[in-house]
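Where a number appears in this text, it was derived from the coordinates with a stated rule and is not lab data. Remember, it's a predicted structure, so these values are computed and weren't measured experimentally. Because the Cβ atoms are built from the backbone with ideal geometry, glycine has one as well, and the counts that use them run over all protein chains shown.
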Amino acid sequence: MKRTYQQQLEYESRLAFRILLPKAWIVRDKDPDCGVDMEVEIVEGEEVTNKVLWIQLKATESRKRSQRIISYPMETKHLKYFESCRSPVIILFWVKSRNAFYYMFAQRFIREKLSAMDPNWRTQKTKTIEFSSDSKLENADALKSIATEGHLYIVQQELNARPESAIYWLDGIPKSDDEELKERTLKGLSCIMKGKYHVAIAEFEHILRACTVSPTQKMSVLLSLGNAYAWLRQEDEALRNYNAVLELTKKVNEKDALEGKAAAIGNIGLVYSDTRDLDSALKHLTEALKIFTEIKDRKEEANSLGNIGLVYILKGDSSNALKYNQEALRIDREIGDKEGEGHRLRNIGLAYEMADDLNNGLKYLQQSLKIARDIGDQQTEADLLTNIGSVYTKKSIADEAIKCLIEALMMHQEIGCRKGETKALFYIALAYVSKGDLDNALKYFQDSLRISREIGDRKEEADALLAIGSMYKDKGDWDNGLKSLKEAFKIHNEIGDKQTEATDLCEIGLLYIKVDDLDRALKHLTEAIRICREIGNKRQEAESLEGIGLICRDKGDLDNALKYFQDSLRISREIGDRKEEAHALLNIGLVYRFKDDHDSALKYMRKALKVQKRSNRE
């Protein structure tokens, strides 16, 4: 058994590093060593900050004074591991002759330099990393600052990697000497990740009130403040802060002005997407895309393309949704952005799901899930399990759906993502609806409603109320059904969600049909159709037309009933909604039966059965 000189050097580097650190700090050796040698937890006074660094140590005997760059070959498997870590990984290079440490923040180096220079680096066995002589670690205070900036960077990256996420732009803040500014920014962003939006708003507003910030730093804080309001669906406040960012672009250098402008305009586009003003959303997202392309920010270029694709999903345009996400996917793969690649595969899966191509939808969602697991992205993994569970529900594989969704729920609870938790509960309820287990479905919808109210997410609250109202309608509890549906409509109307507002009106109209109040039913369904045509929601228009057909049939007006059912059938076929197509065909058949045209009745009922069977196979 031999102990090499390099092993001795690395042992000495550990001792030298421990001497550099304050005695109060907590240092743990990583055993087994899987690419990281030590874990350091920073302690301030007697307070354990929960700010953890992972340290990888390398060492050499000496280096020439004239040498500006220190090169070191590393195994790619270690770099791939560092890339997936959710704590900052600091690679330290110790020069024994000078007792000097040089540092590199691994995740930033991998994402911003290594992947940009060589997108195919993951296929190689080793890769040379370079330490600048300017990166000398002077003391423990410098390490504390590096830790704050590292956590800021990782939180920003995770927030920016979320599908449909607002852009978080932190240029200027990590360079600041104001530790309170950096610490409060980190706390605010961490609260957004955990769904604690009101706490985040308080942190950002304190910064603006109490800290001295440059125009660039103020732009960053206002952007994050706007994002917190956007998560709460307080769109007016979000837009006010984003527009304040645009005003500040006149006071900063050209680079910061363009980056800040693109981020603000892109976020404005996302707000319009949330409020379903989809044409305005496309206009702003396209403008942001143009700027990101101009400044050669390829990561945000891909994100903008992906967000445009998501707007087309909301518009029901699967062709354009696929086109934009496939272009984004091409860029992600060119720049080696595995997270981006995973999210784009997810969007493509959602586009196929929207087009009722459930097999392709499932295929792409599972590819995305594999990437999320490979890079250790638990948040996205949980979100994808929710999406996959939803597809299984649509494929009428309810038990597999519930299995996926329960796993997603547990992951969201483990990582403290309450927004994800309420979504998983909502989709579990839908899976139980597909099983015909309305009691369990109602329980999970109510749990989703409770959490959405706790975190102040009005959109999720309204969606849960809509589902609960529909459940009560199906159970024959008209009073509770109407109460919940009217509450849902009130919130959707207040937050400007016209897409779901139309669904509320349709459900209220269908409930009034159940209680034989046909005049009120007609009023609500007619208003639903008006909104659907205004915003281009063909799917909901078809269902509302079917409702008016039912009213006409119940009133004995069979010719108008036939007209409305045929209009519903035409739209259902246009958009490829086989379920609604089958309903329309069946209702047309029933009208012909009431008209004593038994041959036509049998013809349409057979067509309905054929479409239903095809839908079940798909």
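With only alpha-carbon pairs counted, each pair once and no self-pairs, how large is the Kirkwood hydrodynamic radius of the range 5-138 in angstroms? Can you show the working numbers first?
Values: mean 1/r = 0.0637 Å⁻¹.
It works out to 15.7 Å.
Could you give the length gained on full extension between THR60 and LYS96, defined as 0.36 nm per residue of separation minus the Cα-Cα distance, in nm? Don't jump to the answer; show the numbers that get you there.
Working: separation 36, 0.36 × 36 = 12.96 nm, distance 0.63 nm.
Extra length from THR60 to LYS96 when fully extended: 12.3 nm.
Scan around MET38 for amide H atoms under 5 Å from its own, H built in the peptide plane at 1.01 Å from N, and keep only partners 5 or more places away or cross-chain.
LYS30, ILE55
Arranged by the count of other C-beta atoms within 10 angstrom, fewest first, what order do ARG578, ARG276 take?
Working: ARG578 18, ARG276 24.
Neighbour counts put them in this order, fewest first: ARG578, ARG276.
Nearest 5 percent is fine: what portion of the DSSP beta bridges confined to the chain is antiparallel? It would help to have the intermediate numbers written out before the result.
Working: 25 of 32 bridges.
Counting only bridges with both partners in the chain, antiparallel ones make up about 80 percent.
How many nm separate the modelled label positions at GLN6 and LYS175, each set 7 Å beyond the Cα in the direction of the Cβ?
3.8 nm
Compute the acute angle (0 to 90°) between the alpha-carbon long axis of helix 254-274 and the principal axis of greatest extent of the alpha-carbon atoms of the chain; round to the nearest 10°.
The two axes meet at around 30 degrees.
Quick one: work out Rg over Rh on the C-alpha atoms of the chain, Rh as Kirkwood radius.
Values: Rg = 28.2 Å, Rh = 26.9 Å.
Computed over Cα atoms, the ratio is 1.05.
At a Cα cut-off below 17 Å, give the aspartates and glutamates reachable from LYS370, other chains included and same-chain residues fewer than 8 away excluded.
The qualifying aspartates and glutamates are GLU83, ASP332, ASP337, GLU339, GLU341, GLU381, ASP383, GLU407.
What Kirkwood Rh does the range 253-351 have if only Cα atoms enter the pairwise 1/r average? Answer in Å. Show your work: numbers first, answer last.
Working: mean 1/r = 0.0757 Å⁻¹.
One over the average 1/r among Cα pairs gives 13.2 Å for the range 253-351.
Taking neighbour counts of Cβ atoms within 10 Å as a proxy for exposure, in what order, fewest first, do PHE594, PHE565, PHE109 appear? Please list the in-between numbers first.
Values: PHE594 13, PHE565 27, PHE109 19.
With the fewest neighbours first, PHE594, PHE565, PHE109 line up as PHE594, PHE109, PHE565.
Taking the Cα of GLU205, stepping 7 Å toward and past its beta carbon, and measuring to each backbone N in the range 219-259: which are under 12 Å?
229
Determine the shape class of the range 298-376: with a ≥ b ≥ c the square roots of the Cα gyration tensor eigenvalues, call it rounded for a/c under 1.5, and otherwise prolate if a/b is greater than b/c, oblate otherwise. Each step should come with its number before you reach the end.
Values: a/c = 2.43, a/b = 1.20, b/c = 2.03.
Oblate.
Which whole-number percentage describes the relative contact order of the range 298-376, with Cα contacts under 8 Å and a sequence gap of 6 or more? Mind dumping the intermediate values first?
Values: 107 pairs, mean separation 22.2, N = 79.
Dividing the mean separation by the residue count of the range 298-376 yields 28 percent.
With the crude spin-label approximation of a point 7 Å out along Cα→Cβ, what separation in nm comes out for SER600 versus SER71?
It is 8.3 nm.
Per DSSP H run of at least 4 residues, take -39500 (n - 2.57); add these up for the chain, divide by its residues and hand me the 222 nm value, nearest 500 deg cm²/dmol.
Details: 25 runs with 428 residues, N = 618.
Value at 222 nm, helices only: -23000 deg cm²/dmol.
Kindly put VAL311, VAL27 in sequence by how many other C-beta atoms sit within 10 Å of each C-beta, fewest to most. Each step should come with its number before you reach the end.
Values: VAL311 25, VAL27 14.
Placing the least packed residue first, the sequence is VAL27, VAL311.
Straight-line reach from LYS175: which lysines fall under 24 Å, measuring Cα to Cα and dropping same-chain residues less than 8 apart?
In chain and number order, the partners are LYS51, LYS113, LYS136, LYS144, LYS187, LYS218, LYS250, LYS251, LYS255, LYS261, LYS296, LYS299.
Given points 7 Å out from each Cα along the Cα-Cβ axis, report the ASN320 to GLU130 separation in nanometres with one decimal.
Distance between label points: 4.4 nm.
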